[in-house]
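The values are calculated or read from the model by the stated rules, or taken from the named source; none is laboratory data. Please read these numbers as outputs of a predicted model, since none were measured by experiment. With ideal geometry, Cβ positions are generated from the backbone for all residues, glycine too; neighbour counts draw on all protein chains shown. We work out accessible area using only protein heavy atoms, side chains counted, and drop any ligands, DNA or RNA first. Shrake-Rupley method; radii C 1.70, N 1.55, O 1.52, S 1.80 Å.
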Amino acid sequence: MTGPQPSRRNFLRNSAVAAVGTASLAAVPNAFAAGTDSIRVGVIGCGGRGTGAAENICEAAGQDHNVTIHALGDVFEGQANLAADRLSKNSKVGEKFDVSPDRVFAGFDAYKDVIEACDLVILATPPGFRPLHIEAAVKAGKNIFTEKPVAVDGTGIRKVLAAAEEAKKKGLAIVAGTQRRHQTGYIESMEKIRSGEAIGDVITARVFWNQGNIWVRPRQPGMDDMAYQLHNWYHFLWLCGDHIVEQHVHNLDVARWAFGDMVPSSCVGMGGQQVNTDPGFGQSYDHFAVDYAFEDGRHVMSMCRQIDGCAKDVSEYIVGHKGTAHLMPGNYNLAGQRLRARGEVNPYVNEHINLLKSIAEGQPLNELERVAHSTLMAIMGRDSAYTGKELTWDEALNSPLDTFPTNLEWGPRPEIIVPKPGITNYA
Amino acid sequence: MIIPLSHGRTGFVAVACALLVLPASSSWGQDAQTPEEMKPYTETIPGTDISFEMVPIPGGTFMMGSPDDEADRSKHEGPQHPVTIAPFWMGKHEVTWDEYDEFAFSFDLRRKEREGVERDSQPEGEQQADAITRPTPPYADETFGLGREGQPVICITLHAAMEYCRWLSAKTGHTYRLPTEAEWEYAARAGTTTAYHFGDDPADLEEYDWFFENCEGPQPVGQLKPNPWGLYDMHGNVAEWVLDHYVEDLYSRRSQDTPTVRPVVVPDEFEYPYLARGGSWDFDAYDCRSASRHVSNPDWSVQDPQRPQSIWWHTDATFVGFRIVRAFEEQPELIDFKSPIIKGKGPKPDDAE
């Protein structure tokens with residue numbers, strides 16, 4: 001770019017897009033498309049994040065991997081076309097854009113066409129669709145970049161865990177959009193925490209995603225219930241899972257990371273829809289607080305809130321017997337020692353660098369089980385808050401709650417009911 | 001070297017007199033008919049008890065940029081060239097979250113709703129302010145854990161800063177905007193010609209400003225020493241948006257002899273590159289000099305994973321904020337100027353200058 005940058009903020013991120021080997025490709029299915037030497041990428045879910053992920057994988061590929069954006073799919077035709085237009089003009093995508101008009105798919109079955117046409121799929125729809133799409137992509141033997149979270153209920157998690165097993169057997173590469181796991185500052189901090197060097201033995205973690213209100217999209221003229229819910233997807237349980245699942249999963253995932261990827265044995269959560277009660281907020285709660293218990297006696301305390309005008313904090317405090325580490329993207333404090341991660345690669349790009357590298361080297365990463373467990377931790381906390389019950393991990397995993405529509409079709413949707421602890425009972 | 005544009009008493013003499021004879025009055029000095037009558041004043045955002053102070057800056061001519069022999073300078077800070085500036089008022093402090101939240105989180109609109117204010121029967125300015133689009137809600141904590149009360153705004157785009165000014169202007173009836181790059185440097189130097197407004201020795205910086213060596217984040221505004229014209233935090237705390245598009249060889253395109261009068265490269269529809277001036281809590285001392293120029297680019301929004309990215313929030317620019325000015329008499333290209341930046345437009349191509 002133009003002009004010098006302040007030296008403390010070293011933005012030379014591209015240097016970390018290191019050259020990677022191109023040996024031993026045979027081990028990963030669809031490493032290359034039959035008869036060509038490129039990886040054909042399809043995007044399922046063409047909103048802002050799907051479009052962003054498509055750009056990220058192109059930037060990650062750079063000169064080292066032959067990647068093309070090959071097909072796009074979205075429930076809404078206009079959205080798929082808009083993404084095609086934007087990506088075709090995106091300078092980081094450039095000549096990697098290879099979407100012909102007949103590979104822009106719309107409707108509820110668009111995902112099938114994209115999976116069929118591609119070697120690697122980016123799953124970036126609202127989370128509710130994720131189990132269906134993961135299941136189909138694994139069945140078809142395709143590599144996956146999946147956004148988090150990977151489900152919104154226990155039923156979805158069971159599907160995803162089954163797919164994770166099948167993907168392992170097939171040797172598929174799956175990377176999840178829990179980008180902190182691919183962010184240099186987090187990785188370095190966590191190495192120092194896990195080794196005991198930074199804060200001694202990890203005793204507990206306190207994790208937060210307290211922010212102001214998130215967006216609400218009003219119903220547009222002509223939208224039926226299904227179209228409106230997809231449009232305003234953040235506030236409907238079957239699509240989003242509520243903000244504890246959709247965004248707080250990041251912080252819960254960091255807590256599990258600090259705990260050696262253990263899963264909690266039980267939890268007690270509370271929360272409610274206290275301030276944001278307009279119908280546009282659907283059944284979203286505006287706050288949750290959950291205490292998670294682990295088998296070894298340790299606990300994780302978690303809070304998340306989306307209410308304007310309140311204290312904000314999006315970070316993790318990992319508490320050790322010698323001090324506390326306070327972590328947030330770009331700002332890492334280890335018991336008073338500030339860790340300055342210089343030249344951090346954009347973690348949203350690094351996810352794809354690691355994914356492509358693992359494919360190229362024939363050592364496929366498979367993060368699906370890990371992100372499914374972090375997602376279930378969030379779901380478990382939510383369901384405890386919704387119902388008022390203490391829940392065990394097994395109860396959460398085996399929950400009969402299945403929020404996904406029996407028939408995916410346009411038209412009316414059931415009445416929205418805001419859960420009430422002590423009254424709501426999903427079991 | 002300060003050459004007043006007008007004769008008679010300078011603003012500073014007038015300021016001193018005003019302070020001697022009159023207790024601070026909230027609106028006194030706002031409606032000066034001549035540059036000599038410009039006084040410091042305090043503006044209160046209508047409907048709130050939130051106020052900010054404005055300081056008169058006399059017109060004059062100065063040498064913009066750094067001399068070839070200044071330590072740690074960058075090439076684009078030169079060549080030094082004469083620039084003439086017309087009188088204006090400048091914010092004594094960087095704009096704080098307290099002020100910005102009224103706009104960004106629509107505290108004003110919500111207060112009116114609570115109080116049952118009939119929107120259509122309000123004064124025209126209030127109606128105009130109400131109609132200005134507010135920032136989209138940030139996904140996460142827009143302060144990134146670096147604090148809020150009394151502290152300067154961070155992580156906002158140039159577009160957001162310009163729209164705040166438009167909102168504030170409608171509310172107050174006084175036209176506020178961002179300083180031009182030339183106005184900013186002129187005010188920061190305050191008549192000095194050294195690397196910093198206090199001299200050339202970076203060792204003295206800690207007395208005047210917050211920078212990498214003496215803090216871990218932005219600090220409440222106005223705690224350390226001001227510059228000779230009474231402006232606080234010019235070399236540190238947060239870097240400050242100025243209006244101008246960045247043009248690398250701009251200074252060499254200007255006359256080295258005849259003063260360029262009120263120069264500005266007005267923003268267009270592109271999102272980058274623009275300029276922030278002054279130092280910040282996250283910069284080394286040499287990046288905090290009066291002539292230092294910080295150029296915006298897409299890396300200021302790395303953690304925004306959406307495409308197109310937000311036109312309001314720079315998720316990774318925890319070091320950038322802004323300060324406002326009010327021209328005594330507006331320059332022609334800035335009359336009724338409003339942000340032309342378009343979401344998703346990206347950086348200006350190199351050949352499109």
(Q) Scan segment A:105-120 and tell me whether some residue there is at pLDDT 95 or above, within 14 Å of chain B (Cβ to nearest Cβ) and outside any strand (DSSP E or B). (A) no
Q | Failed criterion for A:Gly282 (all others in (1) more than 14 Å from chain B (Cβ to nearest Cβ); (2) open to solvent by less than 40 Å² (accessible area, probe 1.4 Å); (3) on the phi < 0 side of the Ramachandran plot hold) | A | (3)
(Q) Restricting to segment B:52-103, name every residue that is hydroxyl-bearing (Ser, Thr, Tyr), under 30 Å from B:Ile132 (Cβ atoms) and part of a strand (DSSP E or B). (A) B:Thr96
Q: Working only within segment A:50-78, note down all residues that are part of a helix (DSSP H, G or I) and either open to solvent by 30 Å² or more (accessible area, probe 1.4 Å) or more than 14 Å from chain B (Cβ to nearest Cβ) (or both).
A: A:Glu59, A:Ala61, A:Glu77, A:Gly78
Q: Filter segment A:241-278 down to residues that are within 14 Å of another protein chain (Cβ to nearest Cβ) and of a type in the set (Asp, Glu) and give me whichever is farthest from A:Ser374 (Cα to Cα).
A: A:Asp278
Q.
Looking only at segment A:176-213, filter to residues that are among the aliphatic types (A, V, I, L, M) and open to solvent by less than 10 Å² (accessible area, probe 1.4 Å); which one of those is nearest to A:Gly323 (Cα to Cα)?
A. A:Ile199
Q: Run down A:His235, A:His250 and say which single residue is touching a Gly at 6+ places or on another chain (Cβ under 8 Å) and either aliphatic (A, V, I, L, M) or in contact (Cβ under 8 Å) with a residue 40 or more places away in the chain (or both).
A: A:His235
Q) Does A:Ala140 count as surrounded by fewer than 24 Cβ atoms within 10 Å (Cβ to Cβ), closer than 28 Å to A:Ser374 by Cβ, in contact with an Asp or Glu (Cβ under 9 Å, 6 or more places away or on another chain) and modelled with pLDDT of 95 or more? A) yes
Q.
Of the conditions (1) of a type in the set (A, V, I, L, M); (2) closer than 30 Å to A:Ala54 by Cα; (3) without any contact (Cβ under 8 Å) to a residue 60 or more places away in the chain, B:Ala276 satisfies every one except a single condition; which number is it?
A. (2)
Q.
Can you pull out every residue in segment B:71-100 that is more than 14 Å from every other protein chain (Cβ to nearest Cβ), over 21 Å from B:Pro263 (Cβ atoms) and in contact with a Gly (Cβ under 9 Å, 6 or more places away or on another chain)?
A. B:Lys92, B:His93, B:Glu94, B:Val95, B:Thr96
Q.
Let me confirm something: among B:Thr96, B:Thr48, B:Thr42, which residue is of a type in the set (Ser, Thr, Tyr), under 21 Å from the mean Cα position of the chain (by Cα), open to solvent by 20 Å² or more (accessible area, probe 1.4 Å) and modelled with pLDDT of 95 or more?
A. B:Thr42
Q: All but one of (1) over 25 Å from A:Met270 (Cβ atoms); (2) polar (S, T, N, Q); (3) within 14 Å of chain B (Cβ to nearest Cβ) hold for A:Ser315, so report the exception by its number.
A: (1)
Q. For segment B:282-299, how many residues are open to solvent by 10 Å² or more (accessible area, probe 1.4 Å) and more than 9 Å from chain A (Cβ to nearest Cβ)?
A. 1
Q: Taking the residues in segment B:321-345 that are within 14 Å of chain A (Cβ to nearest Cβ) and out of contact with any Lys or Arg (no Cβ under 9 Å at 6 or more places or on another chain) as candidates, determine which candidate is most open to solvent (accessible area, probe 1.4 Å).
A: B:Lys343
Q: Please go through segment B:267-282 and pick out each residue that is hydrophobic (A, V, I, L, M, F, W, C) and in contact with a Pro (Cβ under 8 Å, 6 or more places away or on another chain).
A: B:Phe270, B:Trp281
Q. Applying the selection to segment A:316-341, what residues are under 25 Å from the mean Cα position of the chain (by Cα) and within 22 Å of B:Asp299 (Cβ to Cβ)?
A. A:Leu327, A:Met328, A:Pro329, A:Gly330, A:Asn331, A:Tyr332, A:Ala341
**Q.** Matching entry among A:Ile134, A:Ile157 (being assigned to a helix (DSSP H, G or I), hydrophobic (A, V, I, L, M, F, W, C) and more than 20 Å from A:His352 (Cβ to Cβ))
**A.** A:Ile157
Q.
Return the pair list, or none, for Cβ contacts closer than 6 Å from residues in segment B:136-150 that are more than 16 Å from A:His326 (Cβ to Cβ) and at the interface with another protein chain (Cβ under 8 Å from one of its Cβ atoms) to residues that are open to solvent by less than 20 Å² (accessible area, probe 1.4 Å) and acidic (Asp, Glu), at least 6 apart or on different chains.
A. none
(Q) Could you list, ordered by first residue, the pairs with Cβ atoms under 6 Å in which the first is in segment B:336-347 and basic (Lys, Arg) and the second is part of a loop (DSSP other than H, G, I, E, B), at least 6 apart or interchain? (A) B:Lys343/B:Pro308; B:Lys343/B:Ile311; B:Lys345/B:Glu269; B:Lys345/B:Phe270; B:Lys345/B:Glu271
Q: Report the residue count in segment A:79-122 for those that are open to solvent by 50 Å² or more (accessible area, probe 1.4 Å), over 23 Å from the mean Cα position of the chain (by Cα) and without any contact (Cβ under 8 Å) to a residue 24 or more places away in the chain.
A: 8
Q.
If a residue must be open to solvent by less than 10 Å² (accessible area, probe 1.4 Å) and either over 11 Å from B:Arg189 (Cβ atoms) or among the acidic types (Asp, Glu) (or both), how many such residues does segment B:58-68 contain?
A. 1
Q) Looking at (1) touching a strand residue (DSSP E or B) at 6+ places or on another chain (Cβ under 7 Å); (2) assigned to a loop (DSSP other than H, G, I, E, B); (3) among the charged types (D, E, K, R), which is the only condition A:Asp291 fails? A) (2)
Q) Filter segment B:103-130 for residues that are over 25 Å from the mean Cα position of the chain (by Cα) and in contact (Cβ under 8 Å) with a residue 40 or more places away in the chain; which is most open to solvent (accessible area, probe 1.4 Å)? A) B:Arg111
**Q.** In segment B:158-188, the residues that are open to solvent by 10 Å² or more (accessible area, probe 1.4 Å), among the β-branched types (Val, Ile, Thr) and closer than 30 Å to B:Pro82 by Cα
**A.** B:Thr175
Q: Would you check if B:Val247 is buried (at least 19 other Cβ atoms within 10 Å of the Cβ) and under 21 Å from B:His314 (Cβ atoms)?
A: no
Q: Quick one: which residue in B:Pro202, B:Pro228, B:Pro152 is open to solvent by less than 30 Å² (accessible area, probe 1.4 Å) and modelled with pLDDT of 95 or more?
A: B:Pro152
